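Data first, discussion second: the structure below is written as structure tokens.
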Amino acid sequence: MASAVSLLLSSPCPLRRAAPSLLSPPAPRLRLPLLGPAPAAATALLTRRPHGLLAPPPRANNDNSDAVGAPDRLVAAVAYLYPFLDGAHHGRFLVAQYPVFNALLSPLGPAARLFHSSPLTPFLLFITLYFAVVRNQQAFSRFVRFNAMQAVALDVLLIVPDLLAQSFAPSGGGIGLDIFTSLENTVFLFLLVSLVYGGGACLLGITPRLPIVADAAERQVM
């Protein structure tokens, strides 16, 4: 660049007179204002395109009734009978106080008699649900395995109220009996709501998510 400038400065007079007219036009082309619109347009284009490309996909609907077959719905709904039958004894105070529950639960009488026909029946059902259903990815869909795992988790949670009932059951009346009765009624109502909600949702082909046990069941069927 320095040699070119020296060459131009050392040129004869005719060249020096023509230099301003020859060198003046390129000056505007070197100015940045001529390049201003192009980056602005490119920037606007880049800011608009990722917005459309990176837009989050619509959230999946929990209602997958079209994808779940009738056999899967029935098996998943029946699985919720297991924790309810295993913990139905917690409702003895509520059934005695409100006979309407006795009438509502009377259709489950044959299933309850079969469930309690042997001391090994609850344990065998637990093993069957967990190993033959939850862990059997080839034979059962994820819908069935998830609901079966929720039923198993509910039954595992019954260990806590069963231990409390055996250890701290009041022998007489008073406030201790009232607290114990309230706890027993709460456990029974929770199992009843889980049966109605879980079984009903499964029959409709909707995946129910029960409190406390849904996350644990999700991790087991991944």
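Data table
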item	result
In segment 177-199, the residues that are closer than 30 Å to ARG142 by Cα, open to solvent by less than 30 Å² (accessible area, probe 1.4 Å) and either over 35 Å from the mean Cα position of the chain (by Cα) or not hydrophobic (A, V, I, L, M, F, W, C) (or both)	SER194, GLY198, GLY199
ASN147 being under 22 Å from GLY69 (Cα atoms) and in contact (Cβ under 8 Å) with a residue 12 or more places away in the chain	yes
Cross-chain or 6+ apart pairs with Cβ under 9 Å, segment 194-222 first and of a type in the set (Asp, Glu), then open to solvent by 10 Å² or more (accessible area, probe 1.4 Å)	ASP215/ARG209; GLU218/MET149; GLU218/ARG209
Segment 161-176, residues that are surrounded by 11 or more Cβ atoms within 10 Å (Cβ to Cβ) and within 39 Å of the chain's Cα centre (by Cα)	PRO161, ASP162, LEU164, ALA165, PHE168, ALA169
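The values are calculated or read from the model by the stated rules, or taken from the named source; none is laboratory data. All values derive from a computational prediction rather than experimental measurement. Using ideal geometry, Cβ is built from the backbone for each residue, glycine included, and neighbour counts are taken over all protein chains shown. These accessible areas exclude ligands, DNA and RNA; they are computed on the full protein's heavy atoms, side chains included. Shrake-Rupley method; radii C 1.70, N 1.55, O 1.52, S 1.80 Å.
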